[in-house]
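Down below is the structure, laid out as structure tokens.
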Number of protein chains: 2
Amino acid sequence: MRIGLLMIGDEILDGRILDTNSQFLERSLAQRGLEVSYVLQCRDGEKNLAWALESMDAAVDLVLASGGLGPTEDDRTREIVAAFVGKPLVYDEEAWAEIQARFRKTGREAPEANRRQALLPEGGGKLDNPVGTAPGFWVESPRGTRFVFMPGVPSELKRMFQEEVLPRMLPKEGAFVTETLCFGGVSESELGGLIADELKEGGDVRVGSYAQYGMIRIVLTSKGRTEEEARAKLRETAARIQEAGARWYLGRGDRSLQEFVVEACEGKGITLAVAESCTGGKVAAKLVDVPGASSVFLEGQVTYANAAKIDRLGVPPEIIEEHGAVSEECARAMVEGLARTSGARLCASVTGIAGPSGGSVEKPVGLVFIGCGLDGRVEVFRKTYGARGRAVVREWAANDCLLAMLRMLGQKRP
Amino acid sequence: MRIGLLMIGDEILDGRILDTNSQFLERSLAQRGLEVSYVLQCRDGEKNLAWALESMDAAVDLVLASGGLGPTEDDRTREIVAAFVGKPLVYDEEAWAEIQARFRKTGREAPEANRRQALLPEGGGKLDNPVGTAPGFWVESPRGTRFVFMPGVPSELKRMFQEEVLPRMLPKEGAFVTETLCFGGVSESELGGLIADELKEGGDVRVGSYAQYGMIRIVLTSKGRTEEEARAKLRETAARIQEAGARWYLGRGDRSLQEFVVEACEGKGITLAVAESCTGGKVAAKLVDVPGASSVFLEGQVTYANAAKIDRLGVPPEIIEEHGAVSEECARAMVEGLARTSGARLCASVTGIAGPSGGSVEKPVGLVFIGCGLDGRVEVFRKTYGARGRAVVREWAANDCLLAMLRMLGQKRP
């Protein structure tokens, strides 16, 4: 089955909104072993949308569309679709009752304008919207292409896709299971080289690699006649991949580096704290991203000025005078000072030159020192990211700091 | 002129990579008064790309395409495009010399495989790549549609578009000027209501609104026979918009809330520090995003645990016992303690319940207190964001904290 996505709305085409719905749908479909052939983004206007419907109708068997279902006059998806499939719009009493009920829940009466949202093309079906007012719908074109229309608001699209579209509209020949393996501190090409056979297309287990700096997620999707069969095949491939990348293996599930850090600390009853200069709070903010981080994370020190490093962490002024704030010695002193003042067992530090200015021949932009200590044993790592821009240097340094913590926690062999 | 974007690559369609090139191109074109009608994303394969070329050829006059120009066998854009326009690929000596020169710069010899990148369809032209190996090219279809092909790597696409495509390939009837006005602490609908006439389409000055929580950017693009004329028209509309939103007006340029904070502090010679609980370092990280923040930003305290609030900021334990850590009193004590210990003149604090758990009837998830003090005068703001998810609550709270600083600095009327 060929699948196309159709994203409707002027706000996507003029750059106001970045389309993230496509990525969500693509990843969800991949987990069912389904591929997207095309994504077409088009404006709200009748001529544009009519051309888009025609093009998709010719190219694929199923179109998952989103956007243009609002109550205002410029959201004309319903009317244009009805004209395209040659069916009248009919008023759906049940849909209107649900829209009214949703408004009443928030203590308001449904405005008359929202009544338009209960108009659906004849011959199709309604799709419930558990989190918003606009119901979705599906309809078939004369040539047999199925079109599914969902709202453009990401939270509404997600729920509708998962609860209404995925179970009812998508082919399910056999069973699918999916699993994610996470690897830290390895490049995509290095890990990819070790599992090249697994990454090749074909076979019942499909393997995809999703990289971000510091971490690779390997997503496996397995197909079988029964769930048991699918799971057995997946287990085999997963074991081979896990073995091949054993020295970087972090764990299973769609998780982040900071989740692995918090989990490891929780498991071992270890408290943690961070002292940051160039990352300026990014490491702390990532740790606090994790719900329940409060059970292990005590505090963060953003010691941006040299005075703060001295006053807050007790970094000896001589170290800064002699070696500079961006030095192995300073990173080490920051960890040692933080351990004394915070009382946390695991302490990490980051100090570097994020740029764009501030670099020298000896200490170029992109040079960062990362310190990490557990119960008094301190290690410092020297990183040279180059002049990749302030945002990139800080993001990479923050991720390398989390990796240093994992290394120290013994989650990963060095 | 109708414009379409064509983004080529399996990695976009299977959700590994989020396409941000489209948004860059859309925004750049908007600043020249040009609109994108369609964006089509398609896979590398011959059948898919051929269909995509045909569809775009029929729908628009200019196609800006990216991706599939790499040296490996699966990057077959050149071959498929040549077949589509009915021209042979010819070997461009100059392109190959440039590829070799680029490799030599990094101390390597160009691999033989990269020679493919010097093959260009006859009858078109080469586009220089100042930051990567793959040259771009343009070519015209038999029906007269111009196709421009650029690399998929964002940094390469940006430079090639700005230096080669924008000046040479895009219509420039008359002159265009663009300007951005920033407004803080107002919703898009409220500001939009006041400038509804300006936002309407038509006329020589186009006005677009780009919203994020806490800040609205109004982008004006003006067209005239001369730059002077375009600028004069823009000035008039900009003045009306600035006047209508005067109480929220922050300044000009494509800037962030944190840039306005750092700039205001620099202008007034005021130092600043922040103490964060639920935002966990996000406010500090945003401030450090600004190059040169070191001139005013002294330190950040991520006092996540109650003990850290007491030890680091001197928050009286009685306040936490009596009112809780999430309270007006605690937010105030955090500001007062931070002012004492950091010596910064402008101090801000954030304490709240980001969720998903930890809420109660009296203090629901999404309740956040933001404190801000300048030279001893402290104000506390109470915010109720609702259970919108941990990430949203923390992002909104961080932005509201920056807005509170701007308010305190007198940049914005309350």
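See the values below:
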quantity	calculated
Kyte-Doolittle mean at least -1.0, axial Cα span of 15 Å or more - DSSP H helices of chain A	A:46-59, A:257-268, A:328-342, A:390-408
For residues of B:269-276, the mean tally of beta carbons on other chains within 10 Å	2
Closest approach to the B/A rotation axis among chain B Cβ atoms, residue and whole-Å value	B:281, 2
Antiparallel bridge percentage (DSSP; both residues within the protein assembly as shown; nearest 5)	65 percent
Among the listed pairs A:282/B:158; B:158/B:223; A:158/B:172, those beyond 31 Å (Cα-Cα)	A:158/B:172
Net lengthening on full extension, residue B:187/residue B:47 (0.36 nm per residue, minus Cα-Cα)	45.8 nm
Calculated label separations, residue B:358, copies of the chain, 7 Å along the beta-carbon direction, nm	2.9
Relative packing of peptides A:296-302, A:392-398, A:27-33 - highest average C-beta neighbours within 10 Å first	A:296-302, A:392-398, A:27-33
Total charge dipole magnitude, segment B:1-108, about the Cα centre, Cβ charges on Lys, Arg, Asp, Glu only, Debye to nearest 20	360 debye
Global geometry of the protein assembly as shown, whether rounded, prolate or oblate, following the gyration tensor of its Cα atoms and the 1.5 cut on a/c	rounded
Against the rule of thumb 2.2 N^0.38 Å, how large the Cα Rg of chain A comes out	1.23
Ranked by how many other beta carbons lie within 10 Å on average, peptides B:317-330, B:44-57 from highest	B:44-57, B:317-330
Set of aspartates and glutamates with alpha-carbon distance to residue A:286 below 13 Å, sequence-local pairs under 8 removed	A:259, A:276, A:299, A:395, A:400, B:395
Label geometry 7 Å along the beta-carbon vector: residue B:101 inter-copy distances in nm	7.0
Nm distances between copies for residue B:18, ranked from closest, using label points 7 Å along Cα→Cβ	0.4
Rg/Rg_globular for segment B:3-169, with Rg_globular taken as 2.2 N^0.38 Å and Rg from C-alpha atoms	0.98
Euclidean distance between Cα centres, segment B:83-140 to segment B:257-276, Å	48 Å
Relative contact order (%) - chain A, alpha-carbon pairs under 8 angstrom, separation at least six	10 percent
Mean Cα-pair separation over length for segment A:61-117, i.e. relative contact order, pairs under 8 Å, 6 or more apart, %	36 percent
Simple label model, 7 Å out from Cα along Cβ direction - residue A:340 to residue A:392, nm	3.9 nm
Chain B: most fluctuating residue of B:244, B:307, B:344 per GNM, C-alpha cutoff 10 Å	B:307
Descending semi-axes in whole angstrom, ellipsoid equivalent of segment A:257-408, from the Cα gyration tensor	24, 17, 12
Pair residue B:158, residue B:321: separation of 7 Å Cα→Cβ label points (nm)	5.4 nm
Relative contact order (%) - segment B:3-169, alpha-carbon pairs under 8 angstrom, separation at least six	23 percent
Rg ratio (alpha-carbon, reference 2.2 N^0.38 Å) - segment A:322-377	1.23
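Where a number appears in this text, it was derived from the coordinates with a stated rule and is not lab data. Here the structure is a predicted model, which is why all the values come from computation and not from measurement. Backbone-built Cβ (ideal geometry, glycine too); neighbour counts: all protein chains shown.
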